[in-house]
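So the structure is just underneath, and the comments pick up after that.
The values are calculated or read from the model by the stated rules, or taken from the named source; none is laboratory data. Remember, predicted model here, so these are calculated numbers, not experimental data. No Cβ is skipped: glycine too gets one built from the backbone with ideal geometry, and neighbour counts run over all protein chains shown.
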Amino acid sequence: MQQLKRRLADAIISALDGAGAAHGQTTDSIIDMLEYPPDPELGELSFPCFKLSRALRKAPPAIAAELAEKLQCGDIAQPHQAGGYLNFKVSPEYFTRGVIPKIIAEGDGYGRTNEGEGKTIVLDYSSPNIAKPFHLGHLGTTVIGHSLRLLHEFRGFKCISVNHLGDWGTSLGKQIAAYKLWGSREQVESGGVDELVSLYVRFHEEAERDESLWERARREFALLEGGDPENTELWKWFIDLSIEEYKKTYAQLGIEFDYYLGESFYSDKMDEQVNLMREKGLLKIDDGASIVDLSEHNMPPCLILKRDGTTLYPTRDIAAAVYRYNTFNFDRCIYVTSAGQSLHFAQWFKVVELMGYPWADRLVHVPYGTMSVGGAKLGTRSGNTILLKELFKLSIDKVKEIMAEKNAELEDSDKIAEDVGVGAIVFGYLLNSRIKDISFDLQEALNFDGNTGPYAQYTYARTCSVLAKAAEAGYGAEAFTGEFAPNEAEFELAKTLSLFGEKVDDALASYEPSIVVRYILDICASFNRFYNSCRILGAENDDMVRFRLGLVRATNITLKNALHLVCMRTPTKI
């Protein structure tokens, strides 16, 4: 669709006889003005003439009428005026003769560009706290972040993923204290992170009755900060156990990180940044703490050092950002965290700017809404958690039951069940706009009917089945050769497939994977209407068979490419 928009925009510029250029209009600005009419009967694209009215000193309807007479669109589209709009009825053959062969020819490259060539994106996402479970609350940052990585890579950017583990702070003192009081190496080796979580929950329960435990936790963390050998060994062990556990879940999601760099990695890099703030005159003492006053920027002060001189999250994040820029020379550094941290990021982003770093405007926070279960927020202290590994298992088991009923002889059924079961959870989450608060409903997530991941994967598998049967019937991988005026279902499918690149653009511009997810559902709906209304291998002649197989192949390619961008696997049989 982008290519069509550019051709129509060029035609509009030509029809303006230079008046557009004289008043600041370019092909790109005209492209930005093109819209999709609310009623398909009006056409496939629409150009509102209102913005040209003052410059041309004419009423919008008059401008639209003149352009309709002057435009030279060949056989691509027929322009017609409707009030102040110039609408375009695009030739169906443009999509079936132009777009479909292009998709087939480009294959896995359909929708890709090299616009990001030579540019580096650092993405900070997932970032669980060590010795804590990988629960449902981590799903958002993990799949949104990884989808953003895939989208950027699809457009040629070099992407570096960083898992900023929470491996420092007083919570580690609690964990060490709990282990020394009630744990054993045998129990933890056997139970892994689950055993560490049990100890952590017990610490909070016991501390409610014995307040001296809080001081014990502070002492243990102080020892860790001081390099105590025993506590350092325990801390490293907890990290290794945690990463080993997290990688199991990441493997199910098809995710690998380039770096696991926790907060502790930046411990020796913070003093330099604090000293720079002092040199710049940014630090002020407030009740014994060191702050950066942000009142001129309509924000509360950013706390840099506590009264006792210890650092906080902003200090560590600033040090991490400086390290990342110096190491990777990023063009953007993207942080995917909950919307509840928006103020935190706005504050330390502003501090980085005030420190004089010229790359401060390359820092991007991508917030997402909260996730609750029955209205209750998730938390480790209370034990109110739904572990992702347990949720995935429930979903996978459900898929196995359904598959056993439909096709008990299916090969690789365990792998397919995992692909579909995990995909159901991921797709269900990414279907929502990322900023939306979500109350998680297990039954809804496991619903295999309607706008779901299994429905999308099944549609892809259906295209694979049609193509496999076509190969058995002697039809190779060549594009269709038929010269047909498509019927309504064929036209709508071709038109929907043409939108892929534009949807990727929109998703990148707004850091919003849900745009691709909803587009996938549009493809599925269009394809299934076509599939149910048009005979393919049983079409009335060979040319029509090839024509419709071309539509199937183009759908197969576009679905595969799109599903990949939202962390979805594509089993060829379900």
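Here residue 251 meets each of (1) farther than 21 Å from residue 316 by Cβ; (2) at pLDDT 95 or above; (3) buried (at least 19 other Cβ atoms within 10 Å of the Cβ) with one exception, condition (3). Among residues of the stretch 484-500 that are in a helix (DSSP H, G or I), those with a Cβ under 8 angstrom from a residue that is surrounded by 21 or more Cβ atoms within 10 Å (Cβ to Cβ) and charged (D, E, K, R), sequence gap 6+ or separate chain, pair up as 490/548; 495/44. Scanning the stretch 552-574 for residues that are of a type in the set (A, V, I, L, M, F, W, C), within 25 Å of residue 449 (Cβ to Cβ) and assigned to a helix (DSSP H, G or I) turns up 552, 559, 562, 563, 565.
Within the stretch 526-540, the set of residues being in contact (Cβ under 8 Å) with a residue 24 or more places away in the chain and over 33 Å from the mean Cα position of the chain (by Cα) comprises 533, 534, 536, 537. Counting only residues that are surrounded by fewer than 16 Cβ atoms within 10 Å (Cβ to Cβ) and more than 18 Å from residue 464 (Cβ to Cβ), the stretch 530-547 holds 7 of them.
All but one of (1) of a type in the set (Gly, Ala, Ser); (2) surrounded by fewer than 19 Cβ atoms within 10 Å (Cβ to Cβ); (3) over 14 Å from the mean Cα position of the chain (by Cα) hold for residue 433, so report the exception by its number. Unmet for residue 433, out of (1) of a type in the set (Gly, Ala, Ser); (2) surrounded by fewer than 19 Cβ atoms within 10 Å (Cβ to Cβ); (3) over 14 Å from the mean Cα position of the chain (by Cα): (3).
Checking 346, 319 one by one, the residue that is within 29 Å of residue 509 (Cβ to Cβ), modelled with pLDDT of 95 or more and aliphatic (A, V, I, L, M) is 346 and no other. Quick one: which residue in 134, 95 is buried (at least 21 other Cβ atoms within 10 Å of the Cβ), in contact (Cβ under 8 Å) with a residue 12 or more places away in the chain and not assigned by TED's automatic domain parsing to the domain that holds residue 240? Within the list 134, 95, the selection yields 95. In this structure, residue 131 does satisfy being in a loop (DSSP other than H, G, I, E, B) and in contact with a Leu (Cβ under 9 Å, 6 or more places away or on another chain).
Among residues of the stretch 205-229 being out of contact with any helix residue (DSSP H, G or I) (no Cβ under 8 Å at 6 or more places or on another chain) and assigned to a helix (DSSP H, G or I), the one that is farthest from residue 266 (Cα to Cα) is 209.
Can you pull out every residue in the stretch 33-49 that is surrounded by fewer than 16 Cβ atoms within 10 Å (Cβ to Cβ) and in a helix (DSSP H, G or I)? Within the stretch 33-49, 40, 41 meet the criteria. Could you say whether any residue in the stretch 141-159 is modelled with pLDDT of 95 or more, part of a strand (DSSP E or B) and farther than 18 Å from residue 429 by Cα? Checked against the condition, which is being modelled with pLDDT of 95 or more, part of a strand (DSSP E or B) and farther than 18 Å from residue 429 by Cα, the stretch 141-159 yields at least one hit. Does residue 77 satisfy the criteria of being under 18 Å from residue 498 (Cβ atoms), buried (at least 17 other Cβ atoms within 10 Å of the Cβ), under 38 Å from the mean Cα position of the chain (by Cα) and not hydroxyl-bearing (Ser, Thr, Tyr)? Criteria met by residue 77.
The listed residues are 574, 523, 515, and the only one of them that is closer than 30 Å to residue 141 by Cβ, without any contact (Cβ under 8 Å) to a residue 40 or more places away in the chain and hydrophobic (A, V, I, L, M, F, W, C) turns out to be 515.
Applying the set (1) modelled with pLDDT under 80; (2) surrounded by 12 or more Cβ atoms within 10 Å (Cβ to Cβ) to residue 443 leaves exactly one unmet item: (2).
Of all residues in the stretch 140-162, none are assigned by TED's automatic domain parsing to the domain that holds residue 234 and closer than 30 Å to residue 219 by Cα. One residue stands out in the stretch 310-340 among those that are free of Cβ contacts under 8 Å to residues at least 12 places away in the same chain and not β-branched (Val, Ile, Thr): the one that is farthest from residue 261 (Cα to Cα), namely 312.
A single member of 24, 20 is surrounded by 18 or more Cβ atoms within 10 Å (Cβ to Cβ) and modelled with pLDDT under 90, and it is 20.
Selection of the stretch 176-198 for residues being surrounded by 20 or more Cβ atoms within 10 Å (Cβ to Cβ) and closer than 18 Å to residue 387 by Cβ yields 188, 193, 196, 197. Considered as a group, the residues in the stretch 507-550 that are of a type in the set (Gly, Ala, Ser) and in a helix (DSSP H, G or I) include one that is nearest to residue 366 (Cα to Cα), and that residue is 510.
Listed by position, the helices (runs of 4 or more DSSP H) enclosed by the stretch 384-457 that each have at least 3 residues that are outside the structural domain of residue 135 (by TED's automatic domain parsing) and among the small types (Gly, Ala, Ser) are 413-430.
The rows are residues; the columns are (1) hydrophobic (A, V, I, L, M, F, W, C); (2) outside the structural domain of residue 501 (by TED's automatic domain parsing).
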{"residue": "529", "(1), (2)": "no, no"}
{"residue": "533", "(1), (2)": "no, no"}
{"residue": "539", "(1), (2)": "yes, no"}
{"residue": "543", "(1), (2)": "no, no"}
{"residue": "551", "(1), (2)": "yes, no"}
{"residue": "554", "(1), (2)": "yes, no"}
{"residue": "558", "(1), (2)": "no, no"}
{"residue": "572", "(1), (2)": "no, yes"}
